[in-house]
Amino acid sequence: MRILVVGGGMGGTIVANNVARRMSKEIRQGKVELTMLSATDQHWYQPGLLYVAFGKMALNDICRDQSTLLEPGIKFFVDPVEEFELNENRVRTKSGVVHDFDLLVIATGCEAIYDEVPGLEKASETPYTKHGAVKMFKRLREFEGGKVAIVVGVPHKCPIAPIEITFMLHEFFEKRGIRDKVQLQYTYPIARIHNIENIAKWAVPEFERMQIDYETFFNIKEVDIDNKVVHSEEGTEKEYDLLVAVPPHRGMPVIEENGMGDDGWIPTDRYKLTMDGHDNVFVLGDTTNLPISKTGSTAHFESEVIGENIASIFRTGSATREYDGKVYCFIEADQDRATNACFNYIDPPEIKAPTKSMHMLKMSYNQWYWSSARGLL
Ligand SMILES: Cc1cc2nc3c(=O)[nH]c(=O)nc-3n(C[C@H](O)[C@H](O)[C@H](O)COP(=O)(O)OP(=O)(O)OC[C@H]3O[C@@H](n4cnc5c(N)ncnc54)[C@H](O)[C@@H]3O)c2cc1C
C-alpha cells in the first residue's frame, strides 16, 4: 500500500509519525510505503510566533529541521505538489515527479492574505508571520503610548489569538510601566467578542478589569494609512497609533487551482475526515472546510484518528474511528497566568479562572511540542 502525506507542518508530521509507528513492521517488510512531500525542509512551531512578537522566544527556538522530526521509514522530499490528479490516484510535484498513491493525506495548511483589505499589510503589526513577529516586537519596545487598535480578519487560524494578543499587550505595557499611556481598543467581526460563546462570556469581565475597550461587528474594510484610521464594513472607524492585526486567511493556492475547494478550503467529512467524493483522500488541519478551530491541537487530534484509520484500512479493509471535533487550547491571560478551553462538536468549553500553573504548563508545552510532533506525547 502506498500512503502519501502532502504537507510537513503540524498535521502532516503528526499523522505520518503516527502511521510510521503503527505500521513499522509492514514498512520494514516493504508492504507499506510511506512518503511525505512538503514545501520546505523546515518545521515551524507557529504558536511560538506569539511569544516571538512579545520578546519571550526567538525565531530559532521555534524552528527545527523537518527530517529530524520524522520516524525512520518515512521517505521525505522537499518538492511541493502542484497538481492533484485525484481520479488517477496520483500527484505531480514542482520538479515534475509523479507520486502514485493508494491513500492520500492532505495537510497543506493555510496562509495570511492581505489582498482584500487595502492598507492593512503596510499599516499593521502581526504575530502571524515570522517577519511580522520580529517586527512587532521591535515596534512594541519602541512604542511610547497612544491608541492601540486590534483588528481581526476572518477566517483566521488560532481563534484564541485575538484575545491572547490583547491580554499580552496589556501585560507587556504594564511591565514596561506605560500601561496608563496606552488605550487598548479591541475589535471583533461578530456580535460578541469571541465566536465561542463561553470564551466571550469569560473574556468580557477580564477586558473590563484590564480597562480594554471593545467594539463588536467590526469587519475591517480598509486602512487609511495617512490619517491612521481603520474603516469597517459596518461604517464605523478606529483611530490608531499602533495597529495590530490578525489577518484573514486562505487555504494554499494549489488547492483552489486544482479545483479542490473554494479559497483553498477542502470540503471534508466532519467525522471521517475524508474529502467529499474521495474516500481514499484524508484531509486534516487548517485546510479543511470544517467549521471548527483552525489550530494545531485540532490537527493533532485529527491525526490520531486518521493514523488509526489508515492502519485499520490496511489490516481490515475499513476505518474504525470517527473524529468528534475535539480541540484543546491554552489561553494566555495577564500576570503570567493562563487558562484553557477543551471542547468538541457537542460540548462547549467551560473556562476556569486563569492560573500561574496553567501558564507554566503552556510554557513547558512550547518546549515539549517537538516530542508532540514526533507523536511521543
Ligand atoms: C501566531 C499563531 C499562534 C498560534 N497559536 C496556536 C496555539 O496556541 N495552539 C494551537 O493549537 N494552534 C495555534 N496556532 C495554529 C497552528 O499553528 C496551526 O493551526 C497548525 O500549524 C495547522 O497545522 P497544518 O498541518 O494544517 O498546517 P501547517 O502547520 O501550516 O503546515 C502546512 C504544511 O504544508 C506544506 N505545504 C504547503 N503547500 C504545499 C504543497 N503544495 N505541497 C506540499 N506541501 C505543502 C507547508 O510547507 C507546511 O509544511 C497558531 C498559529 C499562529 C500563526
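Structure data summary
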quantity: Single match in GLU222, GLU308 (criterion: open to solvent by 50 Å² or more (accessible area, probe 1.4 Å), in the same structural domain as ILE150 (by TED's automatic domain parsing) and either out of contact with any helix residue (DSSP H, G or I) (no Cβ under 7 Å at 6 or more places or on another chain) or part of a strand (DSSP E or B) (or both)); calculated: GLU222
quantity: Residue list for the range 311-328, restricted to those being outside any helix (DSSP H, G or I) and either of a type outside the set (Ser, Thr, Tyr) or closer than 13 Å to CYS342 by Cα (or both); calculated: GLY317, ALA319, ARG321, GLU322, ASP324, GLY325, LYS326, VAL327, TYR328
quantity: From LYS130, LYS94, residue being free of Cβ contacts under 8 Å to residues at least 40 places away in the same chain and out of contact with any Cys (no Cβ under 7 Å at 6 or more places or on another chain); calculated: LYS94
quantity: Complete set of residues in the range 112-154 that are part of a loop (DSSP other than H, G, I, E, B), over 22 Å from GLY177 (Cα atoms), open to solvent by 60 Å² or more (accessible area, probe 1.4 Å) and out of contact with any Asp or Glu (no Cβ under 8 Å at 6 or more places or on another chain); calculated: ASP115, GLU116, VAL154
quantity: Residues being within 16 Å of the ligand (Cβ to nearest atom), assigned to a helix (DSSP H, G or I) and open to solvent by less than 10 Å² (accessible area, probe 1.4 Å) - total across the range 155-184; calculated: 9
quantity: Residue among ARG270, ARG250 that is among the basic types (Lys, Arg), buried (at least 18 other Cβ atoms within 10 Å of the Cβ) and within 30 Å of GLU83 (Cβ to Cβ); calculated: ARG250
quantity: Number of the condition not met by PRO80 [criteria: (1) near the ligand (Cβ under 8 Å from one of its atoms); (2) under 21 Å from the mean Cα position of the chain (by Cα); (3) open to solvent by less than 10 Å² (accessible area, probe 1.4 Å)]; calculated: (3)
quantity: Selected residue (criterion: farthest from MET168 (Cα to Cα)) from residues of the range 233-247 that are buried (at least 17 other Cβ atoms within 10 Å of the Cβ) and touching a Pro at 6+ places or on another chain (Cβ under 9 Å); calculated: VAL246
quantity: GLY145 at positive phi and touching a helix residue (DSSP H, G or I) at 6+ places or on another chain (Cβ under 7 Å); calculated: yes
quantity: The range 189-241, residues that are among the basic types (Lys, Arg), farther than 15 Å from PRO162 by Cβ and in contact with an Asp or Glu (Cβ under 8 Å, 6 or more places away or on another chain); calculated: LYS221, LYS228
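Rundown of residues vs (1) farther than 23 Å from GLU233 by Cα; (2) assigned by TED's automatic domain parsing to the domain that holds PHE217; (3) without any contact (Cβ under 8 Å) to a residue 40 or more places away in the chain, yes/no style:
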| position | (1), (2), (3) |
| --- | --- |
| GLU125 | no, yes, no |
| LYS135 | yes, yes, yes |
| GLU144 | yes, yes, yes |
| GLY153 | no, yes, no |
| ALA191 | no, yes, yes |
| HIS194 | no, yes, yes |
| ASN198 | yes, yes, no |
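The values are calculated or read from the model by the stated rules, or taken from the named source; none is laboratory data. Note that the structure is predicted; figures quoted are calculated from it, not measured. Positions of Cβ are generated from backbone atoms using ideal geometry, with glycine treated the same way; all protein chains shown enter the neighbour counts. To get the accessible areas, we keep the full protein, side chains included, count just its heavy atoms, and leave off ligands, DNA and RNA. Shrake-Rupley method; radii C 1.70, N 1.55, O 1.52, S 1.80 Å.
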